[in-house]
Structures are given as C-alpha cells and as structure tokens.
Amino acid sequence: MKPVIIIPSILFTLLIFFNLTSCKKESLPIELAVVEISDIIVITDTSFVCTSKILNDGNDEIIEKGVCWSTLNRPVIANNRTVDGKGSDDYQSTINGLIQTGVYYVRSYATNSVGTSYGEVMKFQTMEGDGKQVIDYDGNIYNTVQIGDQTWLRENCYAVHYQNGDNVYQTKKNTLFEDLYMNDTTSPVYYNIKSTSYYGETFTWHKLIDSRNICPTGWHPADNSDWLKLINTLGGYDIAGAKMKEVGEEHWHKPNVGATNESGFTALPGGYNNSIRVGLYAFWWSGGEEYDSTNALGWFLKYDETAAYNFYADKNVGMTVRCIKNQD
C-alpha cells in the first residue's frame with residue numbers, strides 16, 4: 001500500500017511546484033525599457049556620433065531603438081530620430097545634416113510594447129566649420145556674410161528666447177508711437193506688408209543689452225562701433241545704404257533708390273513696432289549706445305535714398321536687431 005500513497009504525494013508536490021513557477025513567470029510586469037547614451041564618439045561641424053546601451057528591456061522585446069534630437073531641450077521621436085535596429089544589444093547612432101556651430105539636445109530612446117522611453121538629455125554643439133550658417137536657441141537658422149574683416153548675420157534677429165532659454169518677452173508690449181500716416185491706409189507706410197515676421201522680431205532697447213543675449217552663442221547685437229566700421233568699409237554714409245539694401249521692390253517701396261546689395265547685407269525695410277513705416281525704412285538698434293536716459297542710438301536706411309543714417313529713438317520702441325560675430 002505504501003507505493004500507492006507515495007506516488008500521488010510526489011505528483012501533487014510536483015504539480016504545486018510547477019504551478020508556482022508558472023505563476024511567478026507570468027507575474028513579471030512588462031515595463032518601459034531603460035536606456036542611456038554611453039559614449040560620444042565624434043562631433044564634427046555637421047554630424048554627431050554616439051553609442052547607447054539598453055540597461056533594462058522592461059521584460060519585453062525592444063522593437064525600435066535609436067536617438068532623437070532637437071534644437072530645444074527634451075527632444076522626442078516626433079522631432080528627429082535615428083532608427084538603429086531592435087533587441088537589447090548596445091548600438092551606435094549617427095546624426096547628419098546639422099548646422100555648423102549649432103547647439104543641439106540629444107537623448108537615446110527605446111520602444112517596446114508598453115511604449116517609448118528616453119534616456120537623459122545631453123547638450124552638444126557642432127564645430128564651427130566654414131561658419132556659413134549659425135543657429136540660435138530657438139532653432140532659427142541664419143546665413144552669414146563677410147564684409148571687410150567683420151562677419152555679420154544676413155538676417156535680422158528672430159529670437160523669442162535668450163540663449164539661456166528664458167523668454168525675451170512674457171507679454172510683448174512695444175511702445176506704439178503715433179505716426180503721421182497711421183490713419184491713412186493708402187500711404188506708403190503700409191506698403192506691401194505681407195508678413196512682418198519676414199523682417200525679424202522687434203526688440204526694445206533694454207532687451208538688446210540684456211546679458212542673456214538675444215543673438216546666437218558667439219555673436220552679439222551690433223554696437224555703434226560695429227556699424228561705423230561697416231559704413232566706412234562700404235564707402236561712407238552717403239553710399240553705404242545702397243550697398244546694404246535688398247535689390248528690387250518686393251519688400252522695399254519703389255523706387256528703392258540705388259539698391260545693389262553688393263555687400264550681401266540684405267537690409268530689409270522692417271519699420272518699427274512691426275507695423276509702422278514697413279517698406280519704407282530699415283531701423284536697427286545700436287547695442288549698448290545710449291543717447292540719454294530716455295533714448296538710445298540706432299541706424300536706418302530709406303527706400304528713396306542711398307545713405308545710411310545714425311539717429312536716436314525712445315528706448316521703448318520696438319526695432320530690429322542685426323547680430324555680428326564676436327572677434328577674438
């Protein structure tokens with residue numbers, strides 16, 4: 001009778017063991033994977049190469065992995081990404097087509113059936129290269145032009161953040177000064193306004209001189225000495241404006257006297273406060289140059305003249321800004 005009692009007991013014990021083992025296996029939760037960039041291999045003027053590793057697959061198969069990047073902090077795969085295979089092995093990622101001297105944010109990602117997880121954000125800057133393009137905190141891409149021994153951006157500043165990420169304006173309120181033609185919508189003050197955003201942002205003088213810097217890293221708002229050097233390089237006050245103005249009448253009011261843009265500066269008639277004298281005048285602040293406690297210096301060009309003029313305006317007026325590269 002003994003064998004009859006022992007065998008069921010053993011079978012019962014084995015069944016319990018297998019049951020517990022099976023339950024334990026099934027109870028492992030499937031979670032997001034854990035991933036991180038492990039090494040930066042190379043940074044060039046237009047590319048970035050790194051390696052990443054899967055620290056934990058979340059008890060599930062990794063169906064996609066790579067890195068994602070952006071000019072803004074905390075990039076996600078909806079911005080830009082590489083796809084570097086499946087599985088839990090270490091992997092290498094290459095990002096191409098970046099802007100020279102551009103500041104970027106990158107992090108690794110891994111996707112399983114639960115979703116996509118991200119590693120820590122890394123910040124890097126591409127090498128200077130030939131310096132023909134520059135990027136700011138907001139991701140605005142600027143072209144550069146060499147005039148004499150100065151390097152200028154060819155576009156007015158578009159920044160809405162300082163280079164540390166702080167907002168330039170919480171609420172933008174440039175002082176709106178009355179203009180002789182403001183209520184006459186047939187006047188050339190309102191000539192050919194398609195989109196004032198084409199001409200760049202406008203800034204009050206105090207935003208211009210803020211140490212957090214509205215210009216890309218390595219650049220600064222042109223000050224009066226920068227402007228004077230440019231004007232002299234282009235032959236003096238009387239003719240410099242013609243060599244700076246964009247050619248044609250798409251943006252400048254006709255006849256856009258003398259415009260050749262032979263300097264490559266490509267001056268645009270943004271007026272001021274994004275609404276007044278657009279098409280007629282190009283106004284720029286001169287960084288750090290006070291006229292008195294209320295006013296600061298600036299420069300302007302006109303649609304019907306070839307000259308460049310120095311002037312002063314109330315510091316609360318919104319005018320465009322042109323950036324120039326820092327000199328060693």
### Convex hull of Cα atoms in the range 56-108, direction-averaged projection (nm²)
4.2 nm²
## Note on the structure
HN-Hα couplings for the range 244-250 via Karplus (6.51, -1.76, 1.60; θ = phi - 60°), in whole Hz with x for Gly/Pro, come out as 9, 6, 4, 6, x, 10, 5
### Task
Take the Cα coordinates of the range 199-276, assign each an equal point scatterer, and use the Debye formula without solvent to give log10 I(q)/I(0) at q = 0.20 Å⁻¹.
-1.07
#### Entry: Two-decimal ratio, the range 195-234, of alpha-carbon radius of gyration to 2.2 N^0.38 Å
1.38
### Query
Taking the C-alpha atoms of the range 32-172, how large are the radius of gyration and the largest Cα-Cα span, Dmax, in Å?
17.6, 62
### Task
Could you look at the range 75-120 and say what percent of its accessible area is carbon and sulfur, using a 1.4 Å probe and all protein chains?
42 percent
### Message
Give me the dipole magnitude in Debye, nearest 20, for the range 256-328 about the Cα centre, with unit charges on the beta carbon: positive for Lys and Arg, negative for Asp and Glu.
### Response
220 debye
### Over 29 Å (Cα to Cα) - which of Lys53/Lys132; Lys123/Lys229; Lys65/Lys123 fall in this group
Lys53/Lys132; Lys123/Lys229
#### Entry: GluC sites (Glu not before Pro) within the range 196-277: DSSP coil, no more than 13 neighbouring Cβ in 10 Å
Glu250, Glu262
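The values are calculated or read from the model by the stated rules, or taken from the named source; none is laboratory data. These numbers were taken from a predicted model, which means no experiment stands behind them. Using ideal geometry, Cβ is built from the backbone for each residue, glycine included, and neighbour counts are taken over all protein chains shown. Calculation scope for accessible area: heavy atoms of the full protein, side chains included, ligands and nucleic acids excluded. Shrake-Rupley method; radii C 1.70, N 1.55, O 1.52, S 1.80 Å.
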